[in-house]
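> To start, I am sharing the structure in question, which I have written as structure tokens.
The values are calculated or read from the model by the stated rules, or taken from the named source; none is laboratory data. For clarity, every value in this text was computed on a predicted model and none was experimentally measured. Neighbour counts are summed over all protein chains in view; Cβ atoms, including those assigned to glycine, are modelled from backbone coordinates with ideal geometry. Just so you know, the surface numbers come from the protein's heavy atoms only, side chains and all, with ligands and any DNA or RNA stripped out. Shrake-Rupley method; radii C 1.70, N 1.55, O 1.52, S 1.80 Å.
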Amino acid sequence: MARVQQTSVLAMPGEAPVWRKYLQERKQSIFTSFQKQADPFKTLAELAAAVDDALSAIWAATKQSSAACLIAVGGYGRGLLYPHSDVDVLILLPGKADKKTRTQLEHLISQLWDAGLEIGHSVRTIEQCLEEASQDITVQTTLLESRLIAGNRRTYSRFCNSIKSSLKVTDFVEGKLLEQQQRHGRFNNTAHNLEPNLKESPGGLRDLQNILWISSAANLGTSWKALTQQRILTNIEARQLRRHERALAELRIRLHYLAGRREDRLLFDFQSVLASQYGLKNTVAKRASEQLMQQFYTTAKSVTLLNTIVLQNLRNRVYPQTHSKPIALNDQFQISGEVIEARGPGLFQRHPDAILDVFLLWQMHPEVKGIAVGTMRALWHARDLIDAKFRRSTKHRRQFTAILRQPSGLTHTLRRMNQFGILGRYIPEFGRIVGQMQHDLFHVYTVDEHILMVVRNLRRFTVPEMAHEYPLCSRLISEFESPVLLYIAGLYHDVAKGRGGDHSLLGMQDAERFCRRHGIDEQDTELVVWLVEKHLYMSAVAQRRDLTDATVIAAFADEVKTDRRLVALYLLTVADILGTSPKVWNAWKAKLLAELFHAARRYLSHGSVPSDRVLASKHERALTRLRAYALPEGAHEAFWQKLDDSYFLRHDEQDIVWHTRVLSYRFETRTPIVKVRLSPIGEGLQVMIYAPDENLMFARICGFFQQTNFDIVEAKIYTTQHSYALDTFQVMTTGQIDVHYRDMVRYVEHELRLWLKHSDIPAARKSRLSRQLKHFPISPLVTIRPDDRARFYYLNIVAGDRPGLLYRVALILARYQISIYNAKINTLGERAEDTLLVQGEALKNSRTVLRLESELVHELQAKS
């Protein structure tokens, strides 16, 4: 547990400037040695020793109380210090500090900071330490790892004995296991984030430390060698853990040196440089940074598995085992205690079918908490038995299909199979994308983790307790005949990424082979293959096309063809978007997809509805709502006469009623009217602007939202028959807003009204590129094409997202006298995919269009 450190205090004075210089020179020497020969543990120990020397000398020079002591705790207490980690120390007092002691301590802390030490300090008595340790397991863990740096040995000895005697081993073990579970949950239980945390992520250094904390508390050892002697680890596992610990420690040291600060996240900013430090080179197939990250993911995956094995073994030692009679599940497995256990040695070698069977049984028995340690080890070593012959076995194919068809536990089972390397062996195409990076700036997981997240989302739709999250999805999947087809489509929708070519088309072929081999009938196979091919289609239509255009709905529905396909595509699309990043999904995307789904379903059920019937129905519904607001009969008529059919077709009745209530008595005013309300979709604001029309109106409004840090997600632009602009914007705040929404509404209404009265058009504000765009820039893509009736044009923009992007576009379009009728702004992480419906004489000239496209690309590229 606690270790006493005999520090080598140098024969130097205790003045802070002297020690600042010493530490700078010593750290530089250590860094130089590390560059020549990367020995991580030697480096960490030498950094800790250098700080020990400074602390000891300054403690002595500041003449602290003879009964007090200075103790290293936490990571520093282990005698290991990373280049930019805090120096955590405990100043232990024999009793309450008097005025003289407080003065001495203030002088000590001042000197330590002046010496350049980033000190994390606490001043406590033994009693205070015990009280805090009893309330906070993190504090207790920190205090268990301690070394005496300077001061009274007897005080330190009493501290060690008190901490040790207060430790309740079973409570500590349960607390550390729960703490690890919660920590993993913060990272969505995966290390396969594109910018993982070397210390805290699952499979990181903290998982290794957790093993040693628990084993130390249980008096089973403080090193891998000791755990081997205690038969907690095998020799092979101990070697693997040492190798992984060394690899993670070296990578973290390099990251600290490269960042020049305490930084434990493998950010994009550092991945390429770190890869070059390891001698990795770009290849045709993979960038050097991708090779580095794949090595990290392999290490983290192995650490996670070993952490599971060792902690289960430790738990068995700490908690008394009840020797209840095992419950036989079949001839091969039994439940012993709360875990599944093989009924004999060498099971997987003798009966390879047991490899999939153990996962199926675990899935079928939710009361089981895991696999016995011996069985787990045997399973890990048996993964190489899954070869082409294994995959051709009809029995094994039935087993895997049974796993997919189980009513519960599929997500956990697939994750476990992936953790053991089984899933990638059974589905080789999945194995090829394990740990594969995605540099599209909106996926935050590797390809394999994203796929498993999509399957997890589909399964989540089926859970009644989760129905409140996505009610439409939950209702649709409960009515869907065979959800297993959705899971297969989820497994294959991105499985062909990284091969070159269209991953949707390549994935179709893989999905078809899987279905044929696993006995999926012709009709169901056709659905799975179609879903993999078209998994991006619904999202593209919903977020880029005008959903009030009947021809758009008709074309989409004609492509989908059947209600079964429509339901399946909608469910897969929602699950896919949810699985890219927690930040990508929002209420606006939900509204667009649901709107397209319902419109297409109506079309498939009833065919195209004549526009006059649509208009009459919408008029009637709007009037019914207006009566509920006590608007006098006929009060709307004069205002509605200024609106043509296109207005009513493009706006829903909620917006029509809102506009009518506000404008029925004021539609001839020359003063701009701005009204704001909470968006009906539940997120953001809906902003209505009514004013005499002008060419720069759209640009002015975009400029205001840029200046006030709002993101535009949709704009409906309409010009009345008496030349007034009636524009409706859906906007989202770009960050956390602390003001009440009523204050925000009043602010936007007042400030935007003033903004519209200004004659000046401000220049686009310069904005900094995000970290991701700096390292993975997006080449802007601009296309202009006519719609199906050649009345309007679609302007499609793909570029790196940044504040003011739409404003820049609007200024250029205004110079070309191009009017905007609709704008859909789709932001996917750092990637903007915007579609504008535009009209103007300039668009009829091919040379002008080419010049416009070039100018837009230049503007979007200039700062990308």
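> Consider residue 362 carefully, then state whether it is over 29 Å from residue 294 (Cα atoms) and not in a loop (DSSP other than H, G, I, E, B).
yes
> Right, here's the next one. All but one of (1) of a type outside the set (S, T, N, Q); (2) part of a helix (DSSP H, G or I); (3) open to solvent by less than 20 Å² (accessible area, probe 1.4 Å) hold for residue 368; state the number of the condition that does not hold.
(2)
> If you don't mind, there's one more thing I want to ask. Taking segment 75-84, which residues are out of contact with any His (no Cβ under 9 Å at 6 or more places or on another chain), closer than 18 Å to residue 54 by Cβ and surrounded by fewer than 21 Cβ atoms within 10 Å (Cβ to Cβ)?
Hits for segment 75-84 are 79, 80.
> Follow-up. Touching a Pro at 6+ places or on another chain (Cβ under 6 Å), modelled with pLDDT under 95 and closer than 29 Å to residue 296 by Cα, is that true of residue 192?
No, not satisfied.
> So which of 481, 449 is open to solvent by less than 50 Å² (accessible area, probe 1.4 Å), out of contact with any Cys (no Cβ under 7 Å at 6 or more places or on another chain) and among the charged types (D, E, K, R)?
Exactly one residue qualifies, and that residue is 449.
> OK, next. Take segment 522-548 and flag every residue that is modelled with pLDDT of 90 or more and open to solvent by 40 Å² or more (accessible area, probe 1.4 Å).
522, 523, 526, 533, 534, 536, 537
> So, one more: Going through segment 225-243 one residue at a time, which ones are assigned to a helix (DSSP H, G or I), of a type outside the set (S, T, N, Q) and either open to solvent by less than 50 Å² (accessible area, probe 1.4 Å) or within 19 Å of residue 318 (Cβ to Cβ) (or both)?
226, 227, 237, 238, 241
> On to the next question. How about segment 662-685: which of its residues are surrounded by 18 or more Cβ atoms within 10 Å (Cβ to Cβ), closer than 19 Å to residue 630 by Cβ and either within 43 Å of the chain's Cα centre (by Cα) or of a type in the set (D, E, K, R) (or both)?
Once the filter is applied, which keeps residues that are surrounded by 18 or more Cβ atoms within 10 Å (Cβ to Cβ), closer than 19 Å to residue 630 by Cβ and either within 43 Å of the chain's Cα centre (by Cα) or of a type in the set (D, E, K, R) (or both), segment 662-685 yields only 675.
> Give the residue, chosen from 190, 222, that is buried (at least 23 other Cβ atoms within 10 Å of the Cβ) and part of a loop (DSSP other than H, G, I, E, B).
190
> Can you find a residue in segment 725-733 that is within 28 Å of residue 610 (Cα to Cα) and either open to solvent by 20 Å² or more (accessible area, probe 1.4 Å) or touching a residue at least 60 places away in the same chain (Cβ under 8 Å) (or both)?
Yes, some residue in segment 725-733 is within 28 Å of residue 610 (Cα to Cα) and either open to solvent by 20 Å² or more (accessible area, probe 1.4 Å) or touching a residue at least 60 places away in the same chain (Cβ under 8 Å) (or both).
> It is to be established whether one or more residues within segment 575-590 are of a type in the set (Lys, Arg), over 27 Å from residue 648 (Cα atoms) and either assigned to a helix (DSSP H, G or I) or under 31 Å from the mean Cα position of the chain (by Cα) (or both).
Among the residues of segment 575-590, at least one is of a type in the set (Lys, Arg), over 27 Å from residue 648 (Cα atoms) and either assigned to a helix (DSSP H, G or I) or under 31 Å from the mean Cα position of the chain (by Cα) (or both), which makes the answer yes.
> When both residues are 6+ apart or on different chains and their Cβ atoms are under 9 Å apart, which pairs have a first residue that lies in segment 633-659 and is under 14 Å from residue 716 (Cβ atoms), and a second that is at pLDDT below 90 and of a type in the set (A, V, I, L, M)?
648/614; 648/615; 649/550; 649/614; 649/615
> Test residue 766 against the stated conditions and say whether it is assigned to a helix (DSSP H, G or I), open to solvent by 70 Å² or more (accessible area, probe 1.4 Å) and modelled with pLDDT under 80.
Considered against the rule, which asks whether it is assigned to a helix (DSSP H, G or I), open to solvent by 70 Å² or more (accessible area, probe 1.4 Å) and modelled with pLDDT under 80, residue 766 comes out as no.
> Taking into account only those residues within segment 244-261 that are open to solvent by less than 40 Å² (accessible area, probe 1.4 Å) and of a type in the set (A, V, I, L, M, F, W, C), which is farthest from residue 378 (Cα to Cα)?
Residue satisfying both the conditions and the ranking: 259.
> Could you give every pair whose Cβ atoms fall below 6 Å, whose first residue belongs to segment 845-864 and is outside any helix (DSSP H, G or I), and whose second residue is of a type in the set (Gly, Ala, Ser) and modelled with pLDDT under 90, counting only separations of at least 6 or pairs across chains?
864/800
> List every residue pair whose Cβ atoms lie under 7 Å apart, where the two residues are 6 or more positions apart in sequence or sit on different chains, the first residue falls within segment 161-190 and is under 27 Å from residue 450 (Cβ atoms), and the second residue, located anywhere, is in a loop (DSSP other than H, G, I, E, B).
That search, which allows pairs on different chains as well, returns 183/200; 184/202; 187/201; 187/202; 189/202; 190/202.
> Also, I was wondering about something else. For segment 637-661, name all the residues that are open to solvent by 20 Å² or more (accessible area, probe 1.4 Å) and either touching a Pro at 6+ places or on another chain (Cβ under 7 Å) or part of a loop (DSSP other than H, G, I, E, B) (or both).
Within segment 637-661, 641, 642, 644, 652, 654 meet the criteria.
> If you don't mind, there's one more thing I want to ask. When both residues are 6+ apart or on different chains and their Cβ atoms are under 9 Å apart, which pairs have a first residue that lies in segment 285-308 and is charged (D, E, K, R), and a second that is part of a helix (DSSP H, G or I) and crowded, with 21+ Cβ neighbours inside 10 Å?
Sorted first by the residue in segment 285-308, then by its partner, the pairs are 287/271; 290/271; 301/418.
Results for (1) under 19 Å from residue 679 (Cα atoms); (2) modelled with pLDDT of 90 or more; (3) touching a Lys or Arg at 6+ places or on another chain (Cβ under 8 Å), shown as yes or no for each residue.
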position	(1), (2), (3)
712	yes, no, no
721	no, yes, yes
725	no, yes, no
733	yes, no, no
736	yes, no, no
754	no, yes, no
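> Filter segment 384-396 down to the residues that are open to solvent by less than 50 Å² (accessible area, probe 1.4 Å) and assigned to a helix (DSSP H, G or I), then identify the one that is nearest to residue 460 (Cα to Cα).
This residue is 396.
> Looking only at segment 713-733, which residues are farther than 12 Å from residue 650 by Cα, β-branched (Val, Ile, Thr) and in a strand (DSSP E or B)?
Matches in segment 713-733: 713, 719, 731, 733.
> Sticking with this structure for a sec: Would you mind listing the helices (runs of 4 or more DSSP H) fully within segment 474-547 where at least 1 residues are in contact with a Gly (Cβ under 9 Å, 6 or more places away or on another chain)?
Per the criteria, 483-492, 503-517, 522-533.
> Can I ask one more? Kindly provide the set of residues from segment 684-715 that are within 14 Å of residue 756 (Cα to Cα) and among the charged types (D, E, K, R), ordered by number.
693, 694, 700
> Looking only at segment 672-704, count every residue that is part of a loop (DSSP other than H, G, I, E, B) and without any contact (Cβ under 8 Å) to a residue 40 or more places away in the chain and tell me the total.
Total satisfying the criteria: 3.
> Residue 124 - would you say it is open to solvent by 10 Å² or more (accessible area, probe 1.4 Å) and touching a residue at least 60 places away in the same chain (Cβ under 8 Å)?
When the stated conditions are applied, residue 124 does not pass them.
> Conditions: (1) touching a strand residue (DSSP E or B) at 6+ places or on another chain (Cβ under 8 Å); (2) open to solvent by 10 Å² or more (accessible area, probe 1.4 Å). Residue 147 meets all but one. Number of the miss?
Unmet for residue 147, out of (1) touching a strand residue (DSSP E or B) at 6+ places or on another chain (Cβ under 8 Å); (2) open to solvent by 10 Å² or more (accessible area, probe 1.4 Å): (2).
> For a quick check of your reading of the model, give me the residue pairs whose first member lies in segment 553-570 and is without any contact (Cβ under 8 Å) to a residue 12 or more places away in the chain and farther than 15 Å from residue 529 by Cα, whose second is of a type outside the set (A, V, I, L, M, F, W, C) and buried (at least 18 other Cβ atoms within 10 Å of the Cβ), with beta-carbon atoms closer than 9 Å and at least 6 apart or on different chains.
That search, which allows pairs on different chains as well, returns 558/603.
> I've got another one for you. Any chance segment 92-114 includes a residue that's under 30 Å from residue 257 (Cβ atoms), among the β-branched types (Val, Ile, Thr), open to solvent by 20 Å² or more (accessible area, probe 1.4 Å) and not in a strand (DSSP E or B)?
Yes, the conditions are met somewhere in segment 92-114.
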